[in-house]
Every structure is written in C-alpha cells, then in structure tokens.
1. Keeping every protein chain in place, order 232, 84 by accessible area at 1.4 Å, biggest value first, i.e. largest first.
2. When the Cα centres of segment 151-168 and segment 81-137 are compared, how far apart do they sit, in Å?
3. Based on Cβ point charges of +1 for Lys and Arg and -1 for Asp and Glu, what charge dipole magnitude is obtained for segment 198-272 about its Cα centre, in debye rounded to the nearest 20?
4. Size of the dipole of the chain about the Cα centre, Lys and Arg at +1 and Asp and Glu at -1 on the beta carbon, nothing else charged, in debye to 20?
5. Would you mind telling me the share, in percent, of accessible area of the chain contributed by carbon and sulfur at probe 1.4 angstrom?
6. Which entries of 209/239; 27/185; 74/209 have Cα-Cα distances beyond 18 Å here?
7. Please calculate the 1.4 Å probe accessible area of residue 53, with all protein chains present, and give it to the nearest 10 Å².
8. Want the number for residue 188 to residue 274: 0.36 nm per residue separation, take away the alpha-carbon distance, what's left?
Amino acid sequence: MATPTAKPFHSKMDQGMAMKDEEKLYKRDGTFYSTIMTPPENLDAAKDMEAREDDVFVVAYPKCGFNWMVGIVKKIMSASAGITAPDRPPIIEFYSPEVVAQSPSRRFLGTHFHPDNIPVSFNTKKTKMLVVFRNPKDTVVSYYHFMNNNPVLPKAESWDKFFSDFMSGDVAWGSYFDHALAWEKRMDDPGVLVLTYEELKENLPEGIKKVADFFGFPLTEEQLTTIAKETTFSSMQEKSKNSLGNFGKVFFRKGEVGDWKNHFSEAQSKQMDEEFQKKLAGTKLGAQLKYDIYCK
Ligand code: A3P
C-alpha cells in the first residue's frame with residue numbers, strides 16, 4: 001500500500017499521464033522547465049524566496065545523484081541533530097515560497113537551478129551550498145531513461161535525438177556544461193562544497209563524512225557506518241519500494257558508473273570528449289570529475 005510519502009509523486013505522475021507530451025515542458029529565458037513540477041508562477045515566486053544562513057542546501061544538475069544525496073543528508077540530520085525533514089522532495093522550485101517558509105530551522109532545501117537562477121537571498125545570507133556533479137556521459141544516459149520512465153516529462157523520441165538535445169542544452173533545467181562552468185567559478189568559495197557521484201561510489205563513508213563536516217553535523221563512527229550501509233544503491237532501492245511503489249524504479253534505476261558504454265556511439269563519445277575538452281579540461285571541476293578515468 002502507498003504511504004503518504006508517495007502521494008505527491010503519484011498525483012504529479014497521474015497529472016503527467018493525462019497531459020500531452022508537447023505540453024510537458026515550456027521555455028523560460030531560453031531554458032526548458034517542467035510544466036507540472038515547476039510552473040511559471042513557481043519560478044516567478046522563487047526569485048523572492050528568503051534563505052536562512054543555516055539552511056542545508058543541496059544543488060545538482062538533474063540526474064547527477066541528487067536523490068542519493070537527499071537520502072544521505074536526511075539521515076545525517078536525523079542522526080546528528082534529531083531533525084526530521086518534511087517528507088517531500090526538498091526542491092525549492094517545486095513549491096511556493098510560503099510552503100518553504102513554513103519549515104522550522106534547520107531547513108533542508110535543494111534545487112536543480114543554474115547558479116544564476118538560485119534565489120539571490122541564498123548568496124546574500126551566505127548559505128552553504130553542497131553541489132553534486134556526475135560525469136556527463138552517465139548523466140545524459142540517466143536523463144534519457146528518466147525522460148522515458150517519468151510521465152511528468154515528455155518521452156525522449158530516441159537516444160540519438162535526446163543526446164543531441166542534451167548537447168545543445170535543450171533539456172529541462174538547461175545545459176550541463178553551462179551549470180558546470182558556472183560552478184567552476186565558485187570552486188574556491190569556502191561556502192561551496194562540490195562532491196561527485198563517482199567520489200561517493202569510490203568511498204561512501206568518506207563522502208558522508210565530508211557532507212556532515214561541511215554542514216556542521218558531527219557523527220559518531222557508528223552513525224557513519226550505519227548511514228553508509230543504509231544509503232547504498234541496493235538499500236535505497238529496496239526502501240523506495242515501500243515509499244514509492246513502482247515509481248521507485250524511476251529514481252533508482254541502475255546506480256552504476258559507466259552505463260554510458262551501453263548507449264554511446266563512437267561519434268557521440270568523440271563529440272562529448274571534444275565538448276569536455278573545450279569547456280572543462282584544465283579546470284578544477286574538470287579534474288574532480290576524473291573524465292579520463294570515467295569517460296574514456
Ligand atoms: P542511473 O539512472 O544511472 O541509475 P538524481 O537523483 O539526480 O535524479 O540521479 C539519479 C541517478 O542516481 C540514477 O542513476 C539513480 O539510479 C542514481 N542513484 C540513486 N540513488 C543511488 C545510490 N544510493 N547509489 C548510487 N546511485 C544512486
């Protein structure tokens with residue numbers, strides 16, 4: 001039986017099933033957004049959203065491992081400070097500012113916004129930002145499947161078409177490379193911590209510790225070990241069956257590094273390599289993404 005957690009997802013997904021694909025995205029200032037999840041009034045209102053200095057704020061381009069990080073942060077906050085975050089995706093652009101304002105401190109919030117579109121108050125209040133990135137080849141593959149499995153978004157016509165849309169930034173929340181370049185400029189900001197999907201895969205306890213330290217949530221060794229055990233892909237996928245039912249598969253698909261090899265043609269791989277070389281090679285974020293290890 002579905003728990004109350006599943007209701008918001010289910011109702012949005014029901015809405016998606018009743019809507020024509022061509023109506024599911026709309027463009028705002030050159031960027032596509034989801035009609036159902038982020039209607040224009042939410043984007044308008046988000047501009048004035050009031051941040052708090054102690055908000056726990058997670059930022060990620062879609063499909064970079066946002067929900068994994070959400071699972072991790074919720075467990076950290078609960079174990080370290082006894083804070084139970086509301087049972088809804090923490091993405092600020094999914095709600096009106098009133099809903100976001102209702103949560104008591106410390107709030108757990110997140111966004112898929114490009115840094116230039118993050119409400120200005122998060123910068124003036126110097127709210128700490130944890131940014132999750134993932135190698136672009138696995139990100140586009142994950143995004144492609146998400147389009148086809150999630151009725152809120154239009155189905156991708158084909159892998160080739162979606163790949164081409166991704167490369168030109170014609171996907172919801174815009175261009176991966178635009179987001180990456182904007183964060184690259186903030187890599188030295190002490191209020192910004194960038195972690196990659198691949199780092200979490202390499203050493204989950206270490207990643208969890210970095211997150212807890214960054215937001216100031218001390219954890220005992222035992223708590224750290226428990227959280228690491230409970231946030232592996234298989235644990236989270238299993239748990240999602242209770243909270244999300246069949247929709248769990250939408251958010252917890254494969255959970256691996258390197259699935260791009262099952263999708264990319266030679267030419268697509270070369271195109272991505274060239275784009276990476278042009279945009280991110282030689283940058284701090286480029287180095288952190290370990291492109292040569294994970295994308296070659
Ligand atoms: P795949 O589609 O490659 O499986 P987001 O939450 O930003 O939408 O990212 C979704 C991706 O993160 C999906 O990738 C999903 O399977 C993966 N993911 C979710 N939880 C995970 C976990 N605990 N460990 C590893 N990957 C996870």
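The values are calculated or read from the model by the stated rules, or taken from the named source; none is laboratory data. Note that the structure is predicted; figures quoted are calculated from it, not measured. Reconstructed Cβ throughout: ideal geometry from the backbone, glycine too, with neighbour counts over all protein chains shown. With ligands, DNA and RNA removed, areas are computed over all heavy atoms of the protein, side chains included. Shrake-Rupley method; radii C 1.70, N 1.55, O 1.52, S 1.80 Å.
1. 84, 232
2. 27
3. Around 420 debye, computed over segment 198-272.
4. 480
5. Reported share for carbon and sulfur atoms: 52 percent.
6. Listed pairs above 18 Å: 209/239; 27/185.
7. Here the accessible area works out near 140 Å².
8. 28.4 nm
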